[in-house]
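Right, one structure below, let's go through it.
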Amino acid sequence: MKKNSKIILSLFLSVFMMIAIVGCDKKEDVNVLKKEVSFIAPNGVPATAISKMIKENIQVDDNYNINYSIENTADTLATAVMKGEPDIAIVPSNLALQAYNKGLGYKLVGTTGLGALYLVSAEGDISFEDLNGKEVYNIGSGLTPDIVFKALLKESNIENVTLSYVGGPTELAPAILGGKAKYAVVPEPALTTILSKNSNIKVIASLNDLWKEKFNSETGFPQSSLIVKEELINENKDFMKKLTEEILSSTNWVNENNNDAAKYSIDNGSQVEEAILEKSIKNSSIAFVKAKDNKEDYINYYKVLESENAKSIGEKLPDENFFYEG
C-alpha cells in the first residue's frame, strides 16, 4: 500500500511539474509575442496633444508594447526620424514628406495639430498689410513658422519686410518683452507666456486664420502630423484602428480637460509653467484629423511649401501612397 502511495505521489508531482513548466512557457510565449514599438513626439504642443497616452502609458493592443518618448529639440527629432528610428512619430508636416521622399517607409496617418502660430506686435494694433517696412522676428530660417509666414507675405503682395531669426521660442519671449523685437511670429505656449507678462502686446493675426483666407482652406495648414512605418501598418490593421481611436480620444480629452492636460504635460517633462500651459491649450489648435479626410489641405500646403522651399519637403510632392487610407 505504501509502495502504491509513493508511486501515485510521484506521478502527481511529475504531472504538476509538467503543468507548471508548460504554464511558464506560455507566459514566456506571450512576452515574446509582444512587439516593441517606439512612439516619439516633440516637446510642446504635439506632446501635449497625446499627454494622456504618455502619462497613463496607454497600450492600444495586447500584441504590442508602445514605448513613448519626448524629444526636446527639433534637431534631435529630425535626426531620429531621418534615420528611420521611430515606428510612430508626431512631426512637422514638411518633415513627414521629407521622410517619405527619402524612402524611409513612413506613411501619413493624420494631423494632430493645425496651425498654432501668431503674429504679435509691441507697437499697438496694426493690420497684416501694414507690415511693409517692418522688421519681424521669427524662429530659425527654413523651419515651418518661417516658410508659412513667407508664403503669407508673398500671397498678400507684401515685399518689404526684414526677417530676423532667433534659435527657438524661448528666445522670442525675452526679445519681445525686452523691446528688441517690435513684431514677431510666435507659437503657443510662448504666446501665452508673453501675453501674461505684458498685456500691451497685441495679437495681430492667427497665421492659421490667414492661411484659410489667403489659400481658400477650410481648416488651415496642418502643422503637426502623425506618421507610422508602413511595415507596422501592413502588419496589423486592427492595431492601427485602435491607435487612431486612442489618439482621437486623447486630443479630445486635452481640449476638454485643460487643467489635467497641463498637469500631465508637466509630469511628462514640459518646462512651461502649469498655469501658462493650461491657458495656452485653447489657442494650440489641437485636433486629430485622419489623413484621408484632410488630403486636399495637405496637398495644397505642400504645393505652397514646394514653391517657397522645395528642400523643405524633400524636393517633390507626395503620391497617393503617402496617405494612409485607414
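The values are calculated or read from the model by the stated rules, or taken from the named source; none is laboratory data. Here the structure is a predicted model, which is why all the values come from computation and not from measurement. No Cβ is skipped: glycine too gets one built from the backbone with ideal geometry, and neighbour counts run over all protein chains shown.
Quick look at the numbers
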read-out	value
Matching residues, region 265-322, being touching a strand residue (DSSP E or B) at 6+ places or on another chain (Cβ under 7 Å) and part of a helix (DSSP H, G or I)	Ala291, Lys292, Lys295, Asp297, Tyr298, Tyr301, Phe322
Of all residues making up region 279-301, the number that are crowded, with 21+ Cβ neighbours inside 10 Å and either outside the structural domain of Leu248 (by TED's automatic domain parsing) or farther than 23 Å from Ala205 by Cβ (or both)	2
Members of region 149-177 that are over 13 Å from Tyr137 (Cα atoms) and surrounded by 14 or more Cβ atoms within 10 Å (Cβ to Cβ)	Ala151, Leu152, Leu153, Lys154, Glu155, Ser156, Ile158
Residue ranges of strands (runs of 3 or more DSSP E) in region 44-130 with at least 2 members among the hydroxyl-bearing types (Ser, Thr, Tyr)	64-71, 106-114, 117-121
Region 115-140 - residue that is at pLDDT below 95 and within 18 Å of the chain's Cα centre (by Cα) and, of those, nearest to Leu226 (Cα to Cα)	Gly115
Matching option when the condition is within 15 Å of the chain's Cα centre (by Cα) and closer than 17 Å to Asn63 by Cα, among Glu235, Glu231, Glu246	Glu246
Those residues of region 286-320 which are under 19 Å from Asn208 (Cβ atoms) and acidic (Asp, Glu), in sequence order	Asp293, Glu296, Asp297, Glu308
Leu104 vs. criteria surrounded by fewer than 18 Cβ atoms within 10 Å (Cβ to Cβ), at pLDDT 95 or above and not basic (Lys, Arg)	yes
Conditions (1) surrounded by 18 or more Cβ atoms within 10 Å (Cβ to Cβ); (2) within 24 Å of the chain's Cα centre (by Cα): number failed by Ile201	(2)
Among the residues listed as Leu163, Leu210, the single one being within 23 Å of the chain's Cα centre (by Cα) and over 23 Å from Leu277 (Cβ atoms)	Leu210
